[in-house]
Amino acid sequence: MKLTQIYIKSFGKLKDRKITFGDGINIVYGPNESGKSTLHAFIRSMLFGITRQRGRAARTDSYSRYEPWERPADFAGILWFESGGKEFRLERSFYKNDVRASLVCVTDGERLSIEDGDLRMLLGEISENVYDNTVSVGQLSSETDAGLTRELQNRMSGYEGGLDGDLNIQAASESLRKRRREWEKKKQDALQRQEENRRRLLERMEYAGKERENLEIQLTAAREQTKEAGKKLEKERQAASDARFAGNTENQLRKEGRKEAAKRQAGQEYEEEHRHSARVYVRLTVWALGLLLILLALLNPWQISIIARAVVAWLGIMAISAVYLFKGSSHEREPEEREEIRSGTEDTKSEKEPAESEAVRRMEGDLSRLQGREEELERQVQEKATEEENLREDYEEMAQNDTEAADCELEIRSLNLALETLESLSGNIRLRAGDKLRGRMGEILSQLTGGKYTQVSLDRDMNMELGTREHLIPLASLSRGTVEQVYFALRMAVGEILCQEEPLPILLDEVFAMYDDERLSAALNWLARQERQTLIFTCHTREARLARREGIAAEEISMETGHTAD
């Protein structure tokens with residue numbers, strides 16, 4: 001990968017600046033406060049963006065540090081670079097209200113997606129952390145020689161563990177432990193949910209069981225009531241039947257008695273009535289005949305005997321007629337009297353029977369209601385029993401199918417196995433990675449020191465030592481300049497190992513400030529032999545002067561003009 005040009009619309013103190021870079025070594029020169037570190041930060045921000053911090057940290061983060069005070073919407077820029085034989089244009093707006101980025105292949109016009117990882121692929125899949133710890137190199141921060149030695153040894157130990165934060169064994173172990181804690185939390189939550197679900201089902205089962213038992217008690221009582229009502233109804237029906245039988249016999253006897261009495265009374269009344277009628281009739285007849293005889297005697301005295309015999313004969317005929325008339329009336333009255341007696345008996349019977357039927361019907365209605373209540377309770381008991389059985393099946397099914405906690409346990413066991421495997425292999429991994437790193441460091445350091453130091457090693461206490469042909473020298477015994485060379489060799493070796501897919505430009509920010517001319521010339525010659533672009537940010541003119549003296553091709557860029565120096 002090679003940077004070709006940048007355009008800074010507004011970034012920190014740099015505004016409307018365009019800078020072009022060449023192949024190989026580029027020496028970016030400028031006095032203090034001229035914007036060299038700002039340019040370094042701009043390149044990094046273009047490649048990886050700016051992540052805003054939160055809370056108090058936001059006051060001093062990169063965004064707040066480089067956001068323009070005037071026209072913050074101009075917080076943006078463009079970076080042109082080459083990768084894989086093609087030219088690309090990367091544009092970014094860092095303004096918080098208009099954050100955006102675009103990546104276009106200038107060679108063929110294809111628009112790429114940063115979100116889908118196209119830019120990361122062009123960067124060789126390295127992370128921001130790898131970039132900061134490899135190709136983007138700053139000066140060691142410790143001011144004392146002892147502190148400098150400790151810092152370098154700590155960095156060396158960290159690199160040997162995994163060469164960077166992403167591959168570090170300790171970081172990998174911590175990541176696995178973090179995941180294990182997450183799965184343990186998930187398992188605990190799953191067990192709590194499972195227990196809560198079980199508790200709720202058990203409560204519902206218990207409640208349904210109690211309801212069923214209460215209904216069964218009510219059903220038993222209803223059955224007893226129905227049985228008792230049935231007995232009472234049967235007894236009432238039997239009593240009614242017996243009463244009807246006894247009533248019929250008594251009525252018959254009463255009927256006969258009343259009939260005889262009625263006959264006697266009717267006969268007596270009829271006889272008395274006819275006697276009275278006959279007496280009246282006889283009296284009237286006698287009086288009529290008497291008057292008639294008197295009248296005839298007055299008219300025909302000589303015929304009085306004949307008239308008298310005629311009257312006697314007439315009286316005899318009238319007497320016989322009266323007797324027959326009395327008997328006929330008596331026979332005519334008997335059917336009427338019998339009908340009156342029968343009607344009276346039936347009326348008495350019909351009055352008694354409705355009262356008996358009403359009692360039976362009332363008891364039959366009560367029995368029907370009790371039977372309906374019994375059937376309803378039987379239905380409810382069956383429903384509760386079915387509900388209870390369904391809940392029991394749900395409980396058993398939940399116990400069989402609730403595998404969330406078991407799945408979490410499986411993940412935890414897998415992570416434990418991974419941790420055990422990682423720990424068992426970490427020694428070999430550390431040894432192999434450390435061997436490779438120390439081997440490449442020894443090669444670079446040998447070229448930087450003219451073959452004086454050819455080997456780098458760490459003892460059991462992680463103390464670094466440099467080897468010569470004769471012996472090992474502790475790092476603490478070396479000069480600061482040599483320690484700076486070891487640090488440079490370490491960063492270059494790590495960068496080569498981690499950026500093999502896509503060699504990235506090397507950015508060196510005031511790295512050679514503590515170098516003498518001899519060490520600086522050796523470093524420039526080593527960089528010139530690498531097939532990688534290098535940007536050296538410096539406030540001195542030594543780098544450009546020594547490059548010209550050594551015949552090293554280098555682009556000289558002035559921060560004051562933004563153009564290549566003549």
Burial ordering of 539, 499, 105, fewest other beta-carbon atoms within 10 Å first: 539, 105, 499
Ranking of 130, 456, 381, 99 by count of other Cβ atoms within 10 Å, fewest first: 99, 381, 130, 456
When each of 18/96; 186/384; 9/178 is checked by Cα-Cα distance, pairs over 32 Å: 186/384; 9/178
Candidates per trypsin sites (Lys or Arg not before Pro) in region 488-566, loop by DSSP, up to 13 other Cβ within 10 Å: none
Computed label-point distance, nm, for sites residue 421 and residue 104 using a 7 Å Cα→Cβ extension: 4.7
Cβ crowding within 10 Å averaged over residues, with 194-202, 31-39 ranked highest first: 31-39, 194-202
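Any read-out appearing in this document is the output of simple, stated calculations on the displayed coordinates, not a laboratory observation. What you are looking at is a predicted structure, and each value in this text was computed from that prediction instead of being measured. As a convention, Cβ positions derive from the backbone with ideal geometry for all residues, glycine included, and neighbour counts pool all protein chains shown.
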